[in-house]
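See structure below.
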Amino acid sequence: MKTTHEPVLTVDGLVKHYGPLHAVDGLTFSVEPGEIFGILGPNGAGKSTSLECILGTKSMDKGRIRIMGLDPVQHRRAVFARTGVQFQDSAWQNGIRVGEICAATACLYDPEPDWRPLLEKFDLAKRERAQVSTLSGGERQKLSILLACMHAPEIVFLDELTAGLDPLARRDVWKFIRGLSEEGTAVVLTSHYMDEVETLCKRGLMLKNGAIAAEGSIGELIETGKGKNLDEAYVNIMEASV
Amino acid sequence: MRLLLVKIKRFVVLSATEFKLSLRSFDMVLFGLLMPIAIVIVIGIIYGGKDGGGAEMIGNSFGAYLAIGICAVGLMGLPLTLSDYRQKKILKRLAVTPAHPALLLGVQLFVQALVAIFSALLVTATGVVFYEYAPEGSPVLFFTAYLLVLVSIFSIGLCIASVASDAKKAGLYCSIAYFPMLLLSGTTVPFEAFPPGVQKVAAVLPLSQGIMLLNGISSGDAFTEHIARVIILMAIAGICGVVSVKTFRWDMESA
């Protein structure tokens with residue numbers, strides 16, 4: 001029996017200017033439940049800005065965003081009760097400990113999630129009493145992914161999810177993300193690591209100067225870029241003159 | 001009923017965390033707790049303890065010593081913490097959770113108020129134990145007046161946190177509000193020691209009004225004798241409270 005899914009995220013004609021500069025220029029895509037969707041592009045292509053406009057933490061100039069059918073600005077609290085976000089520039093209160101930030105985050109959700117199993121899973125359990133500022137870059141990155149996912153959200157946004165991770169930790173995070181997807185959580189991630197996108201994502205789009213340069217399944221992206229693999233296709237697309 | 005319990009638990013967990021954090025940063029302990037006590041001790045020593053005029057001196061300016069704690073917390077700790085959280089994007093991270101802004105502001109207000117009240121208790125204990133200072137008037141009335149001054153000064157602090165565009169500006173505005181009030185309102189130099197011209201200017205400051213109210217109540221005055229002060233303090237709290245809620249932002253660049 002076939003089931004038809006409503007997309008869990010729809011982005012329709014998103015435009016964001018900074019003065020005369022078009023940081024994001026007409027972004028349109030949708031993401032299905034359980035899908036892992038990649039937004040690729042070099043630094044400055046507008047990945048983070050797009051993400052922030054979608055989440056409503058930045059205002060947009062044009063466009064219509066729906067997360068689980070709701071406007072994330074108007075229905076902020078309802079949307080983020082079931083949405084997880086990991087920003088690129090996670091920051092923490094001075095002197096806060098790992099366990100404290102986990103407890104303070106968990107109490108915001110209803111029902112309150114149990115974060116200790118996740119701490120085990122991410123190999124951070126022994127660091128529960130450590131101040132966040134003393135963690136390594138990789139540990140901090142894992143912590144911010146954990147905080148974004150602890151309440152079993154229906155959609156998770158991850159901005160540069162494996163930045164600063166060593167290869168082993170990276171593989172653990174990938175495994176975790178795949179697990180989320182198998183349980184039905186949609187994942188939207190930004191990345192400029194093509195191996196990561198090829199391993200994780202079914203579909204995605206490539207941003208260049210704020211506009212979509214290619215989109216579709218990973219196979220279609222490779223085809224558009226006329227490459228042997230995603231890496232080659234990406235380089236071809238980004239180097240092509242406009 | 002269940003929802004109420006969830007909300008209470010949330011408030012308690014967040015407050016406990018923030019309270020621990022504020023004790024971990026030494027600024028608050030120094031300026032909010034130790035400085036007011038040090039001033040009471042110094043005044044006591046200068047004026048000769050219980051046999052000299054120490055007790056009387058402390059009695060005359062009792063409100064001022066409490067106000068030092070209120071100011072350190074309300075005009076420094078509170079706005080600096082909030083603008084720091086905004087600058088560091090801690091508020092932005094909270095903006096993508098179901099947390100209500102009122103919850104976050106409420107937690108900060110509550111935690112900082114606890115620090116100020118703790119400071120007030122220590123100051124009172126120091127005066128009573130070492131200099132046999134005996135407050136007059138009704139304790140309930142005095143505590144009410146104290147809370148009014150606290151809410152009023154805190155609302156100025158909240159307003160600064162909302163209006164300042166970054167942590168640096170917040171620091172500047174805090175200093176502009178904090179130091180003149182601290183110097184001119186009779187907290188460090190007794191108000192009566194100023195020439196009449198300076199007294200007139202200083203009397204306009206909200207903190208001066210608050211201290212006069214506290215001094216009056218602690219020497220046995222009734223509320224009705226200070227009705228104008230009560231109204232001024234309530235008006236400040238109302239106006240600044242509305243401004244800070246209306247201009248609340250999660251992020252500096254969200255506009």
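The residues of the range B:14-49 include none that are closer than 17 Å to B:A116 by Cβ, outside any helix (DSSP H, G or I) and away from chain A (no Cβ under 11 Å).
Remark: pairs (first residue in the range B:1-13, within 7 Å of chain A (Cβ to nearest Cβ); second residue open to solvent by less than 100 Å² (accessible area, probe 1.4 Å); Cβ separation under 7 Å; 6+ apart in sequence or on different chains) = B:V6/A:D110; B:K9/A:C107; B:R10/A:C107; B:R10/A:L108; B:R10/B:L103; B:V13/A:A103; B:V13/A:A104; B:V13/A:C107.
Of all the criteria given as (1) touching a Lys or Arg at 6+ places or on another chain (Cβ under 7 Å); (2) open to solvent by 10 Å² or more (accessible area, probe 1.4 Å); (3) in contact (Cβ under 8 Å) with a residue 12 or more places away in the chain, the one not satisfied by A:N236 is (3). Inspection of the range B:235-248 finds no residue satisfying the criterion of being open to solvent by 40 Å² or more (accessible area, probe 1.4 Å) and touching an Asp or Glu at 6+ places or on another chain (Cβ under 6 Å). Only one of the listed residues (B:F110, B:F143, B:F154) is under 15 Å from the mean Cα position of the chain (by Cα), more than 14 Å from chain A (Cβ to nearest Cβ), surrounded by 18 or more Cβ atoms within 10 Å (Cβ to Cβ) and of a type outside the set (A, V, I, L, M). That residue is B:F154. Scanning the range A:79-136 for residues that are within 19 Å of the chain's Cα centre (by Cα), at the interface with chain B (Cβ under 10 Å from one of its Cβ atoms) and either part of a helix (DSSP H, G or I) or surrounded by 20 or more Cβ atoms within 10 Å (Cβ to Cβ) (or both) yields A:V79, A:F80, A:A81, A:T83, A:G84, A:V85, A:Q86, A:F87, A:S90, A:T105. Candidates B:T124, B:T97: the one that is part of a helix (DSSP H, G or I), β-branched (V, I, T), surrounded by fewer than 23 Cβ atoms within 10 Å (Cβ to Cβ) and out of contact with any Asp or Glu (no Cβ under 9 Å at 6 or more places or on another chain) is B:T124. Checked against (1) surrounded by 19 or more Cβ atoms within 10 Å (Cβ to Cβ); (2) within 14 Å of chain A (Cβ to nearest Cβ), B:I68 meets all criteria but (2). Among the residues of the range A:28-63, those identified as open to solvent by 30 Å² or more (accessible area, probe 1.4 Å) and among the charged types (D, E, K, R) are A:E32, A:D61, A:K62. For the range B:198-222, a residue qualifies if it is open to solvent by 50 Å² or more (accessible area, probe 1.4 Å) and either in a helix (DSSP H, G or I) or under 23 Å from B:M76 (Cβ atoms) (or both), and the qualifying residues are B:V198, B:Q199, B:K200, B:V201, B:V204. Residues that are under 25 Å from A:A103 (Cα atoms), touching a residue at least 12 places away in the same chain (Cβ under 8 Å) and open to solvent by 40 Å² or more (accessible area, probe 1.4 Å) occur at least once in the range A:142-161. Here B:L82 passes the criteria (1) within 26 Å of B:L148 (Cα to Cα); (2) more than 14 Å from chain A (Cβ to nearest Cβ); (3) not β-branched (V, I, T) except the one numbered (2).
Do we find a residue being without any contact (Cβ under 8 Å) to a residue 60 or more places away in the chain and open to solvent by less than 10 Å² (accessible area, probe 1.4 Å) anywhere in the range A:172-185? Within the range A:172-185 (the criterion being without any contact (Cβ under 8 Å) to a residue 60 or more places away in the chain and open to solvent by less than 10 Å² (accessible area, probe 1.4 Å)), the answer is yes, since at least one residue qualifies. Within the range A:16-74, being in contact (Cβ under 8 Å) with a residue 40 or more places away in the chain, among the acidic types (D, E) and more than 14 Å from chain B (Cβ to nearest Cβ) holds for A:D25, A:E32, A:E35. Exactly one of these conditions fails for A:K58: (1) within 14 Å of the chain's Cα centre (by Cα); (2) part of a loop (DSSP other than H, G, I, E, B). Give me its number. Result: A:K58 passes all but (1). The combined condition, being hydrophobic (A, V, I, L, M, F, W, C), part of a strand (DSSP E or B) and under 30 Å from B:K7 (Cβ atoms), is fulfilled by A:I65.
The values are calculated or read from the model by the stated rules, or taken from the named source; none is laboratory data. Just so it is clear, the model here is predicted, and its values are computed rather than measured. Neighbour counts are summed over all protein chains in view; Cβ atoms, including those assigned to glycine, are modelled from backbone coordinates with ideal geometry. In case anyone asks, the SASA skips ligands and DNA or RNA and just uses the protein heavy atoms, side chains included. Shrake-Rupley method; radii C 1.70, N 1.55, O 1.52, S 1.80 Å.
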